[in-house]
Structures are given as structure tokens and as C-alpha cells.
């Protein structure tokens, strides 16, 4: 059975030959899932950390990237097919530390749904859609995750929201650079 046939039930185009335009969508999707896995491992291994006076769960940096990586995945896969990757990520998360997994799944599904919706309805250029959708989803995710995983801890919620939001914005300079190099306007 070929790889192309195996993925056809998902109605996902998968090209086994190298095609940069088609395969970039897979890079975004796998980067999205990988950031969630790394974030969960960091939280499970390090817990809540204090970094220069800012208190937050260790996985916040990786998880902050998930919101922007999901935006790119949504852009390349569409508003409906991105849910396949959101569900895959939620399933992977459940196989980790049960308390972290429960907190992650609840926070993840609610905040990712919010991010997906805001990204979808915002009619602005891509880089604006990223920071606007993250502005809604990262505080919501932080409140839910920290409270469920560690109990109410305002410092950790505040710290995680800041770290997640800023790390989620790390893709914008990359996007500007790539589009500038190509001579394209960000849209």
C-alpha cells in the first residue's frame, strides 16, 4: 500500500516527490505537532521555573510557538483540515503526564479553538492575524493550563501568558524576512 493511498482517506495531498510548495505545508504541520510535544516534555521535566523573576511553566516557550505554527498550518491546510492536526496533537498530549495532559488538552482545545476562530475572522495581513489571534488565545490558555495543572498561581499565569505571547511572535520576523527576500508583500 503506497503512502499516498494510505493518506487519501484523510483527503490530504501528500506528494512523495520533493515539491517545495506542497511540502512546506507538511513542515508547518509537523513543526506545530513537535512544538506541542517539546512543550509537554519541558513542563513534565522542569515544572514551573523562575527565569529572571518571571515565573512560568517551562514548556511555555514551545507552547507559545504552537499558536503561530497553528496559524501557518491553518493557512496552508485550510480552516477545516487544520483540525486534523489539532486532534492529533491532543491525542499525543494525553499519553504524557496525566495531570499535565488533562490541563493541556482542556487549555489546548479551548484556546486553539479561540485562536482558530479569531485567525479565521480577522481580515488583516497574515502577520497582523498572528499577533491578534495570539492576543486572545495565549492568556486564555495560560489561565486554564496553570490552574488545572498547578492550581491557581497568578504569577505563573501572568508569566506564562507573557512568555507564550512573545514566543508566538517569534515567527513574524522570520515571515517578514522570507517575504522580503522573495520580494513579496506579507498577506
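A Cβ distance below 8 Å, combined with a sequence gap of six or more or placement on separate chains, defines the contacts here; from the range 160-182, residues that are free of Cβ contacts under 8 Å to residues at least 40 places away in the same chain reach residues that are surrounded by fewer than 20 Cβ atoms within 10 Å (Cβ to Cβ) and outside any helix (DSSP H, G or I) in the pairs 179/185; 179/186.
Here is a yes/no grid of residues against (1) surrounded by 22 or more Cβ atoms within 10 Å (Cβ to Cβ); (2) in contact with a strand residue (DSSP E or B) (Cβ under 7 Å, 6 or more places away or on another chain); (3) under 18 Å from residue 28 (Cα atoms):
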{"position": "69", "(1), (2), (3)": "yes, no, yes"}
{"position": "75", "(1), (2), (3)": "no, no, yes"}
{"position": "83", "(1), (2), (3)": "no, no, yes"}
{"position": "95", "(1), (2), (3)": "no, no, no"}
{"position": "104", "(1), (2), (3)": "yes, no, no"}
{"position": "111", "(1), (2), (3)": "yes, no, no"}
{"position": "117", "(1), (2), (3)": "no, no, no"}
{"position": "120", "(1), (2), (3)": "no, no, yes"}
{"position": "127", "(1), (2), (3)": "no, no, yes"}
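Of the residues making up the range 7-18, at least one is part of a helix (DSSP H, G or I) and either more than 29 Å from residue 148 (Cα to Cα) or modelled with pLDDT under 90 (or both).
Taken over the range 52-76, the criterion of being more than 10 Å from the chain's Cα centre (by Cα) and without any contact (Cβ under 8 Å) to a residue 60 or more places away in the chain is satisfied by 52, 53, 58, 59, 74, 75, 76. For the range 46-65, how many residues meet the condition of being part of a strand (DSSP E or B) and surrounded by fewer than 24 Cβ atoms within 10 Å (Cβ to Cβ)? Total satisfying the criteria: 6.
Count of the range 99-135 residues, restricted to those that are farther than 17 Å from residue 81 by Cα and without any contact (Cβ under 8 Å) to a residue 60 or more places away in the chain, is 17.
The values are calculated or read from the model by the stated rules, or taken from the named source; none is laboratory data. All values derive from a computational prediction rather than experimental measurement. Heads up, the Cβs are rebuilt from the backbone with ideal geometry, glycines too, and the neighbour counts pull from every protein chain shown.
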